[in-house]
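Quick notes on the structure that follows.
The values are calculated or read from the model by the stated rules, or taken from the named source; none is laboratory data. Values in this document were obtained by computation on a predicted structure and should not be read as measured data. All Cβ positions, glycine included, derive from the backbone under ideal geometry; neighbour counts span all protein chains shown.
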Amino acid sequence: MKKHYRILTVILGLIWGSAPAVWADGSADTSGNQLMKNSTHWYQKAAETVGPVEGVKTDTGTLLTLQSGSYLYMEGDSTLHKYQMNAKALMGSAVVKTKSADHLLQAIQAGEVGNMTLVVPLKTFNSKDKGLDNNAYKALNATAYPEITFNLTRETLAAGSTADSYVMTAIGTVTAAGVSAPVTLMADASFQDGQVRLKGVQALKMTDFKVTPPTMSILIVSVTCTDAINIYYDVTFAAK
């Protein structure tokens with residue numbers, strides 16, 4: 001019986017998608033900016049398309065936009081195995097109340113970020129399995145709500161573990177499936193040549209957005225995703 005179960009598990013894994021260790025292709029991101037490092041797994045691949053968020057602008061401060069090399073992915077678990085979804089497109093903009101990008105660090109330390117928005121278009125948020133993607137889009141009602149967004153309310157910047165590192169606490173809201181939920185992000189922040197890089201992981205629950213964790217049936221087995229998910233991000237903003 002155990003032998004038959006192991007064989008069935010292998011078959012299901014091949015149909016629904018291999019385990020993460022098999023999915024990882026060892027590819028590296030070479031398109032990044034000055035602050036980004038090479039990625040190691042397919043789901044850490046930099047977004048193919050990056051750009052500003054429409055409607056975010058300023059006449060009195062400095063407009064920062066998302067830079068190439070930035071990436072974001074989600075990791076969840078299920079009754080079969082873990083899975084990841086990578087954002088192939090990202091839009092991001094931030095307004096800092098300073099006229100000079102050379103004073104970016106000082107402005108952020110003073111809490112002078114007037115606006116920050118990050119947008120993930122759902123149809124470019126993909127795993128290695130189309131069936132999983134389709135179930136995720138259905139659960140998130142992607143037709144009516146085609147984007148996941150983060151909007152900053154306020155932030156603080158504190159010293160990090162080394163002389164040139166910082167920790168940003170960003171309080172804001174995440175909106176998915178038409179429902180907004182408050183979040184507090186804790187991001188490692190670094191600054192170089194008018195750029196700010198933010199890197200971290202945020203734990204969320206699907207039910208925070210009134211989303212029922214998706215379930216799919218494979219052969220005679222029902223596979224259900226767990227409620228808890230983690231959002232990993234490594235994004236860089238610079239003056240436009």
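Here are some notes:
- Considering region 89-117, and only residues there that are of a type in the set (A, V, I, L, M) and assigned to a strand (DSSP E or B), the residue that is farthest from the chain's Cα centre (by Cα) turns out to be 96.
- Positions within region 107-135 being in contact with a Gly (Cβ under 9 Å, 6 or more places away or on another chain) and farther than 29 Å from residue 189 by Cα, in sequence order: 128, 129, 131, 132
- In region 55-78, the residue that is surrounded by the fewest Cβ atoms within 10 Å (Cβ to Cβ) out of those that are touching a strand residue (DSSP E or B) at 6+ places or on another chain (Cβ under 8 Å) and without any contact (Cβ under 8 Å) to a residue 40 or more places away in the chain is 57.
- The listed residues are 171, 231, and the only one of them that is within 14 Å of the chain's Cα centre (by Cα) and either among the hydrophobic types (A, V, I, L, M, F, W, C) or exposed (fewer than 14 other Cβ atoms within 10 Å of the Cβ) (or both) turns out to be 231.
- On inspection, residue 215 fails the criterion of being in contact with a Gly (Cβ under 7 Å, 6 or more places away or on another chain) and either at pLDDT below 95 or surrounded by fewer than 14 Cβ atoms within 10 Å (Cβ to Cβ) (or both).
- Subset of region 150-194 [over 17 Å from residue 110 (Cα atoms), assigned to a strand (DSSP E or B) and β-branched (Val, Ile, Thr)]: 173, 174, 175, 179, 183, 184
- Condition met for residue 181 (at pLDDT below 90, of a type in the set (Gly, Ala, Ser) and in contact with a helix residue (DSSP H, G or I) (Cβ under 6 Å, 6 or more places away or on another chain)): no
- Residue list for region 79-114, filter: surrounded by fewer than 20 Cβ atoms within 10 Å (Cβ to Cβ) and closer than 23 Å to residue 40 by Cβ: 81, 82, 88, 89
- Considering only residues in region 44-88 that are in a loop (DSSP other than H, G, I, E, B) and hydroxyl-bearing (Ser, Thr, Tyr), the one that is nearest to residue 132 (Cα to Cα) turns out to be 79.
- Checking the stated criteria, residue 142 turns out not to satisfy the condition of being in a strand (DSSP E or B) and either touching a residue at least 60 places away in the same chain (Cβ under 8 Å) or farther than 26 Å from residue 58 by Cβ (or both).
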